[in-house]
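First up is the structure itself, then whatever we jot down about it.
The values are calculated or read from the model by the stated rules, or taken from the named source; none is laboratory data. Predicted model only: the values in this text are computed from it and were never measured. Note that we place each Cβ from the backbone using ideal geometry, even for glycine, and neighbour counts take in every protein chain shown. With ligands, DNA and RNA removed, areas are computed over all heavy atoms of the protein, side chains included. Shrake-Rupley method; radii C 1.70, N 1.55, O 1.52, S 1.80 Å.
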Amino acid sequence: NQSGQMAGYEIHANALQSIIAGNSLTKMESWHTILIILLFAGSIVFLNRLITAKRGIAVGILLMVGYVYLGYYLFVSYHYFVIFTAPILAIVFSEVGTVVYEYFDARKERFRIQSMFQSYVSPQLVKQMVESEEEPKLGGEEHVVTAFFSDIASFSAFSEKLPPKRLVTLINEYLTEMTNILTN
């Protein structure tokens with residue numbers, strides 16, 4: 001046949017010859033595929049919690065290449081047909097899912113620290129705390145500093161008339177302006 005396709009009787013003859021020669025394919029069982037999917041997904045999620053995203057992606061790629069090579073080897077050597085699509089997709093989706101989760105988790109943590117301290121310390125210090133990626137802790141650190149004290153006339157009288165949030169806003173504005181004057 002010049003079109004490269006087999007006629008119906010040739011397909012049957014080829015199948016019969018494969019059976020007689022013992023060259024029939026053995027297909028991977030479904031539970032093997034499910035086990036491999038769970039193993040790959042669990043491994044990727046676990047490893048990505050321990051290593052950086054770039055290394056996690058490299059591990060995922062190595063896993064995929066290794067799995068494809070193993071499937072090729074089993075097919076050529078033992079006529080064992082391995083399912084590729086689902087395990088490869090499990091690696092890809094697990095990798096993407098954990099990287100996205102880690103990104104949003106880190107972003108949430110930055111926002112938590114910023115919102116916790118922005119009313120009490122300077123924006124530069126909050127930025128430094130976020131970038132250090134250390135959990136804030138009590139106890140402080142020793143530094144040589146200059147303290148600024150300021151007396152606001154009739155503070156008690158007007159502070160009793162303002163709601164707490166408005167008072168904190170006014171004090172923050174006042175202290176920010178005073179700090180700018182002293183540091184510039």
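Taken over segment 54-85, the criterion of being among the hydrophobic types (A, V, I, L, M, F, W, C), out of contact with any strand residue (DSSP E or B) (no Cβ under 8 Å at 6 or more places or on another chain) and exposed (fewer than 14 other Cβ atoms within 10 Å of the Cβ) is satisfied by A58, I61, L62, V65, L70, V76. Of all residues being open to solvent by 40 Å² or more (accessible area, probe 1.4 Å) and in contact with a helix residue (DSSP H, G or I) (Cβ under 7 Å, 6 or more places away or on another chain) in segment 37-53, which is nearest to G66 (Cα to Cα)? Just the residue, please. Going through the qualifying residues, I end up with I37.
For segment 120-144, what are the residues that are β-branched (V, I, T) and modelled with pLDDT of 80 or more?
Taking segment 120-144 first, the residues β-branched (V, I, T) are 121, 126, 130, 144.
Once the filter is applied, which keeps residues that are β-branched (V, I, T) and modelled with pLDDT of 80 or more, segment 120-144 yields only V144.
Kindly indicate which of F149, F155, F117 is under 30 Å from the mean Cα position of the chain (by Cα) and among the aromatic types (F, W, Y). If you could, list the steps in order and put the result at the bottom.
Working: F149 fails: under 30 Å from the mean Cα position of the chain (by Cα); F155 fails: under 30 Å from the mean Cα position of the chain (by Cα).
Matching residue, one of F149, F155, F117: F117.
Candidates S122, S150, S115: the one that is surrounded by fewer than 12 Cβ atoms within 10 Å (Cβ to Cβ) and in contact (Cβ under 8 Å) with a residue 24 or more places away in the chain is S150.
Examine segment 20-27 for a residue that is within 22 Å of V82 (Cβ to Cβ), of a type outside the set (S, T, N, Q) and free of Cβ contacts under 8 Å to residues at least 12 places away in the same chain, and state whether such a residue exists.
Going through segment 20-27, the residues within 22 Å of V82 (Cβ to Cβ) turn out to be 21-27.
Next, from what is left, pick out any that are of a type outside the set (S, T, N, Q): 21-22, 25, 27.
After this cut, where a residue has to be free of Cβ contacts under 8 Å to residues at least 12 places away in the same chain as well, the list is 21-22.
Scanning segment 20-27, I find at least one residue that is within 22 Å of V82 (Cβ to Cβ), of a type outside the set (S, T, N, Q) and free of Cβ contacts under 8 Å to residues at least 12 places away in the same chain, so the answer is yes.
For segment 127-147, filtered to residues that are open to solvent by less than 100 Å² (accessible area, probe 1.4 Å) and either in a helix (DSSP H, G or I) or in contact with a Gly (Cβ under 7 Å, 6 or more places away or on another chain) (or both), the residue that is nearest to R112 (Cα to Cα) is V130. Hey, among the residues in segment 153-171 that are within 29 Å of R112 (Cα to Cα) and assigned to a loop (DSSP other than H, G, I, E, B), which one's most open to solvent (accessible area, probe 1.4 Å)? If we take residues in segment 153-171 being within 29 Å of R112 (Cα to Cα) and assigned to a loop (DSSP other than H, G, I, E, B), then P163 is most open to solvent (accessible area, probe 1.4 Å).
Under 14 Å from the mean Cα position of the chain (by Cα) and over 30 Å from E141 (Cβ atoms): does that describe E29? It would help to see each step written out before you state the result.
On the way: under 14 Å from the mean Cα position of the chain (by Cα): no; over 30 Å from E141 (Cβ atoms): yes.
The answer is no for E29.
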